[in-house]
Every structure is written in C-alpha cells, then in structure tokens.
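Asks: Below is the structure I would like to discuss, written out as structure tokens.
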Amino acid sequence: MGTFAFLVLAALLIGSALAVVLHPNPVKSAMALVATLFLLAIVFVLLGAHMIAVLQIIVYTGAIMVLFLFVIMLLNLGDEEVPTEWPRVVLRGLAGMAGALMALQLVRLVAGAPLGRMVDAPEGYGGALMVARSLFTDYVLPFELTGLLLLVAVIGPVVLAQRRGR
Amino acid sequence: MSLGGFDVQVLRENGFATEEMTLNMGPQHPSTHGVLRFVVRADGEVMTEAVPDVGYLHRSIEKIAEKVGYHGFMPYTDRVDYVAAMPCNQGWAMVCEKLAGIEVPRRAEYCRVIACEFNRISSHLIAVGTMGMDIGAFTPFTHALREREHINDLLEELCGARLTFNYMRIGGVAWDLPPDFAEKGLAYIDRFEPLIDEYNALISFNKIYKERLINVAVITGEEAINYNLVGPNLRGSGVDFDVRRDIPYSIYPELQFDVPVGHGEEGTLGDCFDRYMVRIREIQESCKIIRQCLQQIPEGSVLAKIPRKFKPPVGDAYVRIESARGDMGWYCVSDGSEYPYRVKVRTGSFTATSIIEQVSRGLMIADLITVVASFDLVAPEIDR
Amino acid sequence: MKDLVLSLIAEGGALAGVPFSLAAPLVMVAFGALVVFGFVLPIAGITSWLERRVWARIQSRIGPNRVGPQGFLQWLADGLKNLLKEDIIPSAADKWLFSLAPYLVVVGFIATFAAVPFTSSLIIADLNIGILYITAVTGIVVVGVLMAGWSSNNKWSLLGGIRSAAQIVSYEIPAGLSVFPIVLLTGTLSMQGIIRAQGWAPWDWFFFYNPFTFAAFFVFFVAALAEGNRTPFDIPEAESELVAGFCTEYSGMRYLLFFLEEWGNLYVIGAIVTTLFLGGWQVPAFTDNPMLLAVAQFGTFFLKAYFFVFVAMWVRATLPRVRVDQLMTVCWKYMVPIAIVNMLGTAAWMLFVPETLGRLVQFGMTGLGAVVVVVFFRRVRFHLRRANLKPSDYYYSPII
C-alpha cells in the first residue's frame, strides 16, 4: 500500500518537476512547480513528517508560489524567453554542471544509506514538538542565521523599492 | 491614442518587458450607469488615463422634434433624462411658452414645481443609492429605491405614469392634482424626512464609505466652471449657483429654500464626498419646497387656452432650468410652422463626462467607479 | 476513529474479517464522503439560501421564497439549474487550467473539514497539527483563484486573480499570528486539544481569557473574512468594479463551485473561531448518555459556528467595500502589529500574571461582555420602538 502510493507519487513528482523545467510558458511552469511542491508535501506525509508537510504547503504553495505567480502575471510574460546577455550554450553548460553535481551528491547519499534496515519512528515523530526541539537545540545556530538572512531579504526590497520611487 | 485602444507601450526595464494594460470598461459593465464606455489605460491598479466614449445611447431626440411638432414632442422629452423626466417636460413647455409668449396659470406652475421637486428627490435617491452600490454596499440602494417607489406611486396618481411622465403641456399641465394629493404628499414628506438621517447613519457617515469618497477626484471651483459642470457637481466644488435662485423661473422666487454648497466638510473641497453630500442636502431642500407648495397652492385652472395647431411666431428662445442633474438648457428655433425648425438640449451629464479624463489620472480603477457615480451620470442624457 | 474501526471489525457485519490496514482507509473514506455529501454541501447550499433571505430582509426585500417552504429548497433548484446549463469555456482561454481551477478551489475548502471537529469524538482526523493543517489547505484555494484569473484570458479576471492573491497572502499573516496566542496557552495544535483546554462556561473560553486573546479574536475574524473574500474585503470579485472578478468568464456549474467555496468557507471560519476562542463543543456534563451528550455537543458547536456565519452575512449587508490600497493598509499597518502585540502579550501574561488574578480577569471580562450584549439588545429595542412598526410591516419576514 505505502510502496504503491510512493511509486505513483514519485512518478507524478518527476513528471511535474520536468514540466517545470521544460514548459515554455512561465505561468504553466510555475503552476507545475506548485504541483511539485504539493506532491512533495504528500511524500512528507507518507514519511510521517506531518509538521514538515503542512509547513511545506503553507510556505511554498500558499505563499511563495503565489507571489511567483503574482509577479509573472503582473509582468505578463508570454512564451518568450527571458533575455540575457550570456550565450545560451554557456548557460546550458553551467546548468548541466550544477545538475550533475547534485546528482552525484544524491547518488553518494543513497549509496551510503542503510537500505533494508528500516527503523521505527520514535513516538511523536514529525509533530510540532519534535521539530521545534531539534530546531531550537541541535540546529539553533543555522536556524537563527536563516532568520537573519530572511530579515535581510525582507528589508532589501523595501530599500530598493523606495529608492526607485524617489 | 484612440478609442479603439492604445498602442501598447512596452517598457524594457532591467531586461524585462512590461506593458501597460488597456482595459475596456463598458459599454456593458455593471456600474457604468447605462451604456457608457471607458477606455482605461492602467498600470496595474492605477489608471494613467480613462477616456470616456459617448454615443451608445444616441436616439436623435432633437431631430425627432423637427418631425413631430410642438405638442407631439412632449413624450419624447421624457426620454432625454428618464431618471428625472419632469424637469425635461418643464424645459420643453417653458421654451415653447417663451416662443409664443403664453402666460401659464398659477396653479399649473405650482403643479409643475411639485412634480419637478418630487422627481428631483427620486432622481437624487437613485444617485445616492447607486453611489452606495458602486462602493459595494447594496443595502442603501434598496432602501433608497424603496422610498423612490413611494414617490413613483404619488406621481402615478398625478399623471398615470411612473417613469416617463408626459405630465406637462404647453401652457400648463395635463391634469390637476388628485383630490387628496396634498394630504398624501405632506404625509409622505413627514415620513420621509427623518429617513434621510437614518440613511446618513447607515451609509453616508460610515467610516469605510467616507474613506472611499474623501479626497478622491478633487475638482476646484475654477476647474468646475472651466469644464462647465452644472448642478450638484458644480455646487460640490463650492460654487454657489443654482438656476432656481439665480435665474429665477416659475414660482421659485416665492419659495423659501437654501442652496446647499459643498464646503469640504470631511476632506478637500470638491471631492466626491462633497458632491454626494450636496445631493443629500438637496433632497432635504426639495422636501421644504414641496411642503410650501402643497400648503400655498392656489385654486384655478391648470391649462391655458392653447390652439390644437400650435404655431409660435418666427424666432428663437432659450430657457434654463435646474434639472436634477443641474442647469439644463432648452433652445428652440421656430420658423412659424407647426414644426420646430431646430431644437437643442444642453445637458449636465454630457459636460460632466468631459472632465472624467482630467480627474481620473492617477486614480485607481475602483475610484473611476466612484467618480462616475459621484457625477450622477445618466447615459441617455449624455447622448440624447 | 481507530477504536471505531477495530470495534467494527470485531463485531462482524460488513467489515468482519477485513484486515485493519484495509478497513481503516475504507471507513475513513466512507465517513469523509458522508461528511462531504451529508454536511458540507448541504451546509454551503443552505447558507446560500439563508444569506439571500437575511440579506433581503435587511434590505426590505423578500428574497427567494418560492421553492419549498420559505424558499428553503432554493439552493437545490439553483444547483440543478447550474448543472443543466451549458458549460462555456472561452476559445481564448487555457482549457486545462480553466477547467481545473474551480475544482482546486473546492478541494481546498472541502479538505479543511478533515480537521474540523463536530463533537468530542466525531472528527474525521484529529491531527496533532490540526489548526496548521487547516491554514495549509486553505492556501490551495488561492492557487485555484489565481489559476482561474489567469487562464480566463480576460483582463478583469486577471485583475481579480491578482487582487485575490495579494489579499489572501497578506491576510494569512494576521490570521496565523492570531492563532499563536491560543497555541501558546494550550501547548497543542490539535483542534480537539484546543477545545479540551477550554470549558463550557463563557469565562473558561479563550475569548475572555485575557485582553490579548480578546483582541486576537477580532483580528482573526476580520482576517478570516478577508481570506474568504467577504465584504468589506470582497475586492477580488467586486462586481461594480471588476464585473465578476476572477470568475467573470465562468458559467454553469464551474461558476457555482466558486460560490460553493465561498459559502461553505463561512462555516469553516465559524468553526475555527468557535474552536479557538469560544470553547468549541464544550457542554456541561448533564447526562451519562453518550449519545445525548454527543447531540448536545454537536448542537452547541453548530450554533456557535453558525452564529458567525450569520455575523458575516450581516456585515456583508451593512458595509461598503474597501479599496485595494486601503485593504493593504489595514492589514500591514494595523492588524499585523496588533496580532504581534497579542502574541507577545499572551506570552508575558502566562509568565507574570498569577493564577488568581487571571481568574478574576476572566470573570471581569465575561461580565463586561455580558454588559455589551445587554446594551446592544437595548439599542435594538430602542430602534424598533422608534421605527414604530405595525404588525403589517412584518408581513414579508423570512421566518414568520
């Protein structure tokens, strides 16, 4: 049951992820990204990580992707490609290299994983308490730094927009 | 630019192409008060330009007059401004009387003023009601229309029609007041006057409503005169002019009434809220006028002796009356025959349309609706 | 839920001998379908009828009164009519997204019912992150609205969609921040857990717990109205400005689905408010009969939740619509700061206010609330007397 559900989800996930990259229309590409993130949330649910799944939907599909779509629709981008000063070959080469790096890392991770040795999740796994505890103890420094980064990202646009308005 | 649309301007900024949006508002749009069209150029929600396109309701009423004769044209005048048809009736009757030099019986003059003022109230009720509806509050509209229904009942007793009255005749009015009209009219006014305060409590002084109207589309007195705004739109900008008082006609000099003028009570002088409040106050003044008329109306006939074949002497005449939408001009040239040689109607909605392009710059799309409603535009009156 | 499934398997009948891993999803799906078709859709439909009647009454009209007694079955007639209507998809529209959008909107709204409680034991899934889950699936609605707005290929629709996106994303913040004081107080995100932390008496509700939760209630309710596209925040479908906003090009059943969401969502708003601030299904333990208790709990919860549906109708009939920039001002300059103060204030309250004083404050605030209610009804009576209504004026009342 669980395996079957995962296989279906994985197929859909890969399909929609490909659509994000390959679809020429930016709005539909963004819509596919919404679907990808949503499906990813369902994968989290299957893993028992309910908290992460819900946060994924709230933050990504509910807020970030909506803003993406908002901007794309406001700019009224058509099927044309975003103009750039770089030659296309260079861009594709760079993207390919980044992708290969990611794939390599993924293969290493999977190869080193303890496959076949399933461990039962501890009590309360994936709940708010567990997530909060690990966030505020083991990962408190990265957590705070991320907060700082996001704060900069919030203030930055305000400053930029104000300068343009003047 | 043309009314067919704008040449879309593509701005390239940081490599991204953005363009302004051309919006076609109307001729079928829920809040253009009839078939009126605007071509709006908008940058997101902010309008850079809104150009009115008139002519969708043109029915050649002025030309028809040349074919149907003086008496026969009276029903057509109802259609010039069907929200306030009585003043149009009166304008046509007065211009014909001026051409032929006819004296109207005093009772008929009273009947005319009573009918016109009732009609002014009902027209202003539509204006303030649709204002609320365009801002998004539906309840005030139905409450205003409920009161308008009572006025329609009264006018129906008077002339048998509820919208296009055809009540007046050259030289008087078609029918005398029904026997108990005075009592009914006074009873209605007594009931209606406190309701204005209730209406104000419901919507006029609502915080959200005021926020939507105050400081929107400010028109200075000078601008209003330059653009030839009339009636409540002109008075909303603080210009103290009312045809009924300043170029008196009919029995208005004998009546006691004030001319409400906007004074920027909540925001800037000449904003939408001022124009709106002027209408509310005018309703109250009309109630005063009707009360006086119903109390002082003299006995007598209501129609002067006019030949069936009405042939005014050669010449021309121009009369100005204060319709619900302001100074309405009726001009008629007679060549001595049974048919007018030329008729021209000058209406307030048409000139008000011309200033929309000027005031709508930099407003938001939602404000365009407010502006149109605050001018109390009636599409048939624009085009005739 | 688990106990119910196990007992069904043990007792025999339809599920006898079926393994638990298969029976559990079956029972869940059956119960979910029961809730959707037996409760969610009727409640949305009846709300549509009631809204039109209440609206009509406030506007001194009659409203729909032909189909069934007092027009009660109007919603069925409307649904049937819209099902039979032609489903027009504009040729210039994006067919896929255009037809998908209404379903996304409805799914986003129906999915919330998975975590909406009915009684102490009746809830589809008592998730340990219930309130967050509801916030999350409501977020799907905005994607559907944006999709509808863009795929219609109509400028009014696009403007409506964009307005809606800006509005919902903004108002999710004060709404979410207003949930936090309650989460701080209870230490749980589960809907049932939050209700269990309150009592049946008004002074045990979080509404009257302290001044900050009191303010949080109003912030949450206003933000929820804004998220649900209700007047005075109905700018995405503002009919006097944007024709019909994001659903301008829709017709037939697809059009109706958007409104199904709007009306059904009213109940969801009411249910969340009831859960968070008004003690949910809590009733005094007046009987040992579990069935009777369940009925009382359901009735209490439903009445509380539906009261807010009525308030939303009332607000819609009274207030005009704000402008887009005013909408954003209200959210970012007033509601978000107030919500943050509420959150910090509640935290400080928990730390510094001794229990006896807190108890006194609860009683005091409840008393204040009672005074406000009494004053309100006295005003209503005063106005009714001043209006001097005759019995004939009640002639076209919705209920009488």
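Asks: On the given criteria, is residue C:155 at the interface with another protein chain (Cβ under 10 Å from one of its Cβ atoms) and basic (Lys, Arg)?
Replies: Here the answer is yes, as residue C:155 does meet what is asked.
Asks: Out of segment C:85-111, which residues are among the β-branched types (Val, Ile, Thr), closer than 14 Å to residue C:260 by Cα and in contact (Cβ under 8 Å) with a residue 40 or more places away in the chain?
Replies: C:105, C:106, C:110
Asks: Within segment B:267-289, which residues are in contact with a Lys or Arg (Cβ under 8 Å, 6 or more places away or on another chain) and of a type in the set (S, T, N, Q)?
Replies: Answer for segment B:267-289, where residues must be in contact with a Lys or Arg (Cβ under 8 Å, 6 or more places away or on another chain) and of a type in the set (S, T, N, Q): just B:286.
Table: residues versus (1) modelled with pLDDT of 85 or more; (2) within 14 Å of chain C (Cβ to nearest Cβ); (3) surrounded by fewer than 19 Cβ atoms within 10 Å (Cβ to Cβ).
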position	(1), (2), (3)
A:5	no, yes, yes
A:9	yes, no, yes
A:19	yes, yes, yes
A:23	no, yes, yes
A:33	yes, yes, no
A:36	yes, yes, no
A:47	no, no, yes
A:50	no, yes, no
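Asks: Let me ask something else. Tally up the residues in segment C:125-136 that are part of a helix (DSSP H, G or I), at the interface with chain A (Cβ under 8 Å from one of its Cβ atoms), farther than 23 Å from residue C:231 by Cβ and in contact (Cβ under 8 Å) with a residue 12 or more places away in the chain, please.
Replies: 2
Asks: Another question about this same structure. Is it the case that residue C:254 is crowded, with 22+ Cβ neighbours inside 10 Å and among the basic types (Lys, Arg)? Break it down stepwise before answering.
Replies: Numbers: crowded, with 22+ Cβ neighbours inside 10 Å: yes; among the basic types (Lys, Arg): yes.
Considered against the rule, which asks whether it is crowded, with 22+ Cβ neighbours inside 10 Å and among the basic types (Lys, Arg), residue C:254 comes out as yes.
Asks: Going by the structure shown, is residue A:95 modelled with pLDDT of 80 or more and either within 24 Å of residue C:138 (Cα to Cα) or over 20 Å from the mean Cα position of the chain (by Cα) (or both)? Show your work before the answer.
Replies: Working: modelled with pLDDT of 80 or more: yes; either within 24 Å of residue C:138 (Cα to Cα) or over 20 Å from the mean Cα position of the chain (by Cα) (or both): no.
Taking the combined requirement at face value, the residue does not satisfy it.
Asks: Now a separate question. If the requirement is being under 16 Å from the mean Cα position of the chain (by Cα), modelled with pLDDT of 90 or more and not small (Gly, Ala, Ser), which of these qualifies: B:290, B:280? Spell out how you get there, then give the answer.
Replies: On the way: B:290 fails: under 16 Å from the mean Cα position of the chain (by Cα).
Criteria check complete, one pass: B:280.
Asks: Among the candidates B:141, B:118, B:192, which residue alone is surrounded by fewer than 23 Cβ atoms within 10 Å (Cβ to Cβ), assigned to a helix (DSSP H, G or I) and within 18 Å of the chain's Cα centre (by Cα)?
Replies: Going through B:141, B:118, B:192 in turn, the sole match is B:141.
Asks: Now for a different question. Find the residue count for segment C:269-291, including only residues that are more than 22 Å from residue C:215 (Cβ to Cβ) and assigned to a helix (DSSP H, G or I).
Replies: To start, the set of residues in segment C:269-291 that are more than 22 Å from residue C:215 (Cβ to Cβ) comprises C:281-291.
Checking which are assigned to a helix (DSSP H, G or I) leaves us with C:290-291.
Within segment C:269-291, residues that are more than 22 Å from residue C:215 (Cβ to Cβ) and assigned to a helix (DSSP H, G or I) number 2.
Asks: Related question: So, of the residues in segment C:175-188 that are among the polar types (S, T, N, Q) and in a helix (DSSP H, G or I), which turns out to be farthest from the other protein chains (Cβ to nearest Cβ)? So that I can check it myself, show each step before the final result.
Replies: Of segment C:175-188, the ones among the polar types (S, T, N, Q) are C:178, C:186, C:188.
Within this subset, residues satisfying the condition of being in a helix (DSSP H, G or I) are C:178, C:186.
On the way: C:178: 15, C:186: 12 Å.
Checking each candidate, the answer is C:178.
Asks: Kindly provide the set of residues from segment C:137-174 that are part of a loop (DSSP other than H, G, I, E, B) and either surrounded by 24 or more Cβ atoms within 10 Å (Cβ to Cβ) or outside the structural domain of residue C:343 (by TED's automatic domain parsing) (or both), ordered by number.
Replies: Scanning segment C:137-174 gives a single hit, C:152.
Asks: With the checklist (1) crowded, with 19+ Cβ neighbours inside 10 Å; (2) in the same structural domain as residue C:194 (by TED's automatic domain parsing); (3) assigned to a helix (DSSP H, G or I); (4) not aliphatic (A, V, I, L, M) in hand, flag the one item residue C:120 doesn't pass.
Replies: With respect to (1) crowded, with 19+ Cβ neighbours inside 10 Å; (2) in the same structural domain as residue C:194 (by TED's automatic domain parsing); (3) assigned to a helix (DSSP H, G or I); (4) not aliphatic (A, V, I, L, M), residue C:120 is out only on (3).
Asks: Out of all the residues in segment C:292-302, is one or more part of a helix (DSSP H, G or I) and surrounded by 21 or more Cβ atoms within 10 Å (Cβ to Cβ)?
Replies: Within segment C:292-302 (the criterion being part of a helix (DSSP H, G or I) and surrounded by 21 or more Cβ atoms within 10 Å (Cβ to Cβ)), the answer is yes, since at least one residue qualifies.
Asks: While we're here: Check segment C:220-234 and report whether any residue there is in a helix (DSSP H, G or I), surrounded by fewer than 24 Cβ atoms within 10 Å (Cβ to Cβ) and either in contact with a Pro (Cβ under 6 Å, 6 or more places away or on another chain) or more than 14 Å from chain B (Cβ to nearest Cβ) (or both).
Replies: Within segment C:220-234 (the criterion being in a helix (DSSP H, G or I), surrounded by fewer than 24 Cβ atoms within 10 Å (Cβ to Cβ) and either in contact with a Pro (Cβ under 6 Å, 6 or more places away or on another chain) or more than 14 Å from chain B (Cβ to nearest Cβ) (or both)), the answer is yes, since at least one residue qualifies.
Asks: On the given criteria, is residue B:127 in a helix (DSSP H, G or I) and more than 25 Å from residue B:306 (Cβ to Cβ)?
Replies: Details: in a helix (DSSP H, G or I): yes; more than 25 Å from residue B:306 (Cβ to Cβ): yes.
So residue B:127 passes the test.
Asks: Now for a separate question. Consider residue B:234 against the criteria (1) crowded, with 21+ Cβ neighbours inside 10 Å; (2) more than 18 Å from the chain's Cα centre (by Cα); (3) aliphatic (A, V, I, L, M): it satisfies all of them except one. Which criterion is unmet?
Replies: Of everything listed in (1) crowded, with 21+ Cβ neighbours inside 10 Å; (2) more than 18 Å from the chain's Cα centre (by Cα); (3) aliphatic (A, V, I, L, M), residue B:234 misses just condition (2).
Asks: Kindly state which helices (runs of 4 or more DSSP H) lie completely within segment B:8-105 and contain at least 1 residues that are at pLDDT 85 or above and hydroxyl-bearing (Ser, Thr, Tyr).
Replies: B:61-72, B:74-78
Asks: In this structure, does residue C:161 turn out to be of a type outside the set (A, V, I, L, M, F, W, C), over 19 Å from the mean Cα position of the chain (by Cα) and within 11 Å of chain A (Cβ to nearest Cβ)?
Replies: Judged against the criteria, residue C:161 is a match.
Asks: What do you reckon, is residue B:129 more than 14 Å from chain C (Cβ to nearest Cβ) and of a type outside the set (Ser, Thr, Tyr)?
Replies: When the stated conditions are applied, residue B:129 does not pass them.
Asks: Another question, if that's okay. Any idea how many residues of segment C:63-111 are surrounded by 15 or more Cβ atoms within 10 Å (Cβ to Cβ), part of a loop (DSSP other than H, G, I, E, B) and not aliphatic (A, V, I, L, M)?
Replies: 6
Asks: Specify the residue that is surrounded by the most Cβ atoms within 10 Å (Cβ to Cβ); the eligible residues are those in segment B:253-290 that are polar (S, T, N, Q) and in a loop (DSSP other than H, G, I, E, B).
Replies: Residues of segment B:253-290 polar (S, T, N, Q): B:256, B:268, B:284, B:286.
Applying the additional criterion that residues be in a loop (DSSP other than H, G, I, E, B) yields B:256, B:268.
Working: B:256: 8, B:268: 16.
So, considering only residues that are polar (S, T, N, Q) and in a loop (DSSP other than H, G, I, E, B), the one surrounded by the most Cβ atoms within 10 Å (Cβ to Cβ) is B:268.
Asks: Considering only segment B:198-241, state which residues are acidic (Asp, Glu) and more than 14 Å from every other protein chain (Cβ to nearest Cβ). Give the derivation first.
Replies: Step one: list which residues in segment B:198-241 are acidic (Asp, Glu), which gives B:198, B:211, B:222-223, B:240.
Scanning segment B:198-241 gives B:222, B:223, B:240.
The values are calculated or read from the model by the stated rules, or taken from the named source; none is laboratory data. If you're wondering where the values come from, they're calculated on a predicted model, not measured in any experiment. Here the Cβ is made from the backbone with ideal geometry for all residues, glycine too, and neighbour counts use every protein chain on show.
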